[in-house]
1. Considering the range 32-89 alone, what residues qualify as being hydrophobic (A, V, I, L, M, F, W, C) and in a loop (DSSP other than H, G, I, E, B)?
2. Restricting the first residue to the range 37-50 and requiring it to be free of Cβ contacts under 8 Å to residues at least 60 places away in the same chain, which pairs with a second residue that is part of a helix (DSSP H, G or I) meet a Cβ separation below 6 Å and a spacing of at least six or different chains?
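Where a number appears in this text, it was derived from the coordinates with a stated rule and is not lab data. These numbers come from a predicted model, not from an experiment. Here Cβ is always computed from backbone atoms with ideal geometry, including for glycine, and neighbour counts include all displayed protein chains.
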Amino acid sequence: MSRNGLNNKGGRPKGSKSNHTLEAERAKIIILEKYLLALEPIVDKAIELAKAGDKAARDWLSERATGKVPNAIELPEGKGEIRITWSND
């Protein structure tokens, strides 16, 4: 309830955005578009290198496309046994 039983209808409507916020959102869109355009030749070059056998380029492309493995584990070849227990407790 408002003061003295009167509703205060002043101020910005709920959900509206300030000019500063709108300007920041427009700038973000412009920057993202330019970034994506600039990134295209980099990706093309990485694909070219990966096709030529560059492992680092292949790994970079895979990580960007499918996400990086969170916890990679390297094990010596042919040694030991791995047991994984999964619990949803």
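1. As a first pass, look at the range 32-89 and keep what is hydrophobic (A, V, I, L, M, F, W, C): 32, 36-39, 42-43, 46-47, 49-50, 52, 56-57, 60-61, 65, 69, 72-73, 75, 82, 84, 86.
Ala52, Val69, Ala72, Ile73, Leu75, Ile82, Ile84, Trp86 - these are the residues of the range 32-89 that are hydrophobic (A, V, I, L, M, F, W, C) and in a loop (DSSP other than H, G, I, E, B).
2. If the second residue must be part of a helix (DSSP H, G or I), the pairs left are Ala46/Ala57; Ala46/Trp60; Ala46/Leu61; Leu49/Ala57; Ala50/Ala57; Ala50/Arg58; Ala50/Leu61.
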